[in-house]
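Colleague: Take this structure first; my questions come after.
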Amino acid sequence: MTKAHRENSSSLLKDFVEEFLDIRKGMLYTVRKLFLSPHKVYEDHLQNEHSQYTNPFKLLVTIVGLLTALDVIVPTDEFEKRLAGEFAEGSTSNYNLGYKLGNTDQAPPEEKLTEVTEKNEQIFTAVFEFTDEYPLIAYFITALAFAIGIKLVFWKNIAFDNSFRLACYISIPINIISGVAIYAAVLLLSIDIVVTYFAMVSSLLTYGLLLVYLYRTARHTFDIKIVSSIIRVLVSFVFIQLIYTFIGVILAISFTFTERAETDREIRVETPQ
């Protein structure tokens, strides 16, 4: 291979990588700015000073593609199964506490706790399966939940299309952290304590970032007073969690009906006429 051919091949590879990662338009720069202050990137976008930033939708698609490719290298099925069980046990503990508070400290029957645990595990498993099957849709659902929560609380300050754009900016660093944390935890599956505490640590980190981003948006973008900002951020956070819960229940129900239909079909096939 001649020197000219080697240079052309090197240039072609460089062009491909740069175009795929959108480096020329500042993908890495945009991601760094989003981790520090997504509200500032959003403000620059509104003021038409976004030539140095990658489009939020294109950036989200690129990051989802990279995380999906990483999922092929680092399978997460076993980890997600164990994680669903951990989430289910945590939800059952909350149910147990609520039952005692509402029934003069009487504990619920063991059969009921078992039923609640199974249903909760089914919900979390359905969410994980949906995320694996349709990663791009799952990430856009995250952004949509953020957008609705932001719009409901800051409804006078922002239109819904801008709310969705801001939500995409906010969701990108959170999705990156949660995605990378999962793959890191998979590599440490041999350590039992990792799965036990992973959900708590990653949730605190991602939820903490969400609260910080929402608060800085309220204070610096919408110029809302401190006390009002805190109240709005907490209300927005509650709305977002309710939206997540609703989506999880819908997914669980849809998977339950799908599995039941497949089971009935298998029974009809196996049963002689």
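The values are calculated or read from the model by the stated rules, or taken from the named source; none is laboratory data. Model, not experiment: these values are computed from the prediction. Don't worry about glycine lacking a Cβ; one is built from the backbone with ideal geometry, like all the others, and counts go over all protein chains shown. For accessibility, only protein heavy atoms count, side chains too; no ligands or nucleic acids. Shrake-Rupley method; radii C 1.70, N 1.55, O 1.52, S 1.80 Å.
Colleague: Any residue that is open to solvent by 60 Å² or more (accessible area, probe 1.4 Å), closer than 18 Å to residue 241 by Cβ and without any contact (Cβ under 8 Å) to a residue 40 or more places away in the chain - is there at least one of those in the stretch 95-104?
Modeller: Yes.
Colleague: Now for a different question. For the stretch 153-176, enumerate the residues that are more than 18 Å from residue 140 (Cβ to Cβ), touching a residue at least 24 places away in the same chain (Cβ under 8 Å) and of a type in the set (A, V, I, L, M).
Modeller: 153, 158
Colleague: Oh, and also: Please give the number of the condition residue 109 fails out of (1) modelled with pLDDT of 70 or more; (2) within 27 Å of the chain's Cα centre (by Cα); (3) surrounded by fewer than 17 Cβ atoms within 10 Å (Cβ to Cβ).
Modeller: Residue 109 satisfies every listed condition except (2).
Colleague: Among the residues of the stretch 46-86 satisfying the criterion of being of a type in the set (Gly, Ala, Ser) and modelled with pLDDT of 75 or more, which is nearest to residue 125 (Cα to Cα)?
Modeller: This residue is 84.
Colleague: Having 2 or more residues that are small (Gly, Ala, Ser), modelled with pLDDT of 90 or more and crowded, with 16+ Cβ neighbours inside 10 Å is the bar; report the helices (runs of 4 or more DSSP H) wholly within the stretch 156-273 that clear it.
Modeller: Where helices (runs of 4 or more DSSP H) fall fully within the stretch 156-273 and carry at least 2 residues being small (Gly, Ala, Ser), modelled with pLDDT of 90 or more and crowded, with 16+ Cβ neighbours inside 10 Å, they are 160-186, 226-270.
Colleague: Also, quick follow-up: Just name the residue that is nearest to residue 166 (Cα to Cα) out of those in the stretch 41-81 that are open to solvent by 80 Å² or more (accessible area, probe 1.4 Å) and part of a helix (DSSP H, G or I).
Modeller: Here the residue is 46.
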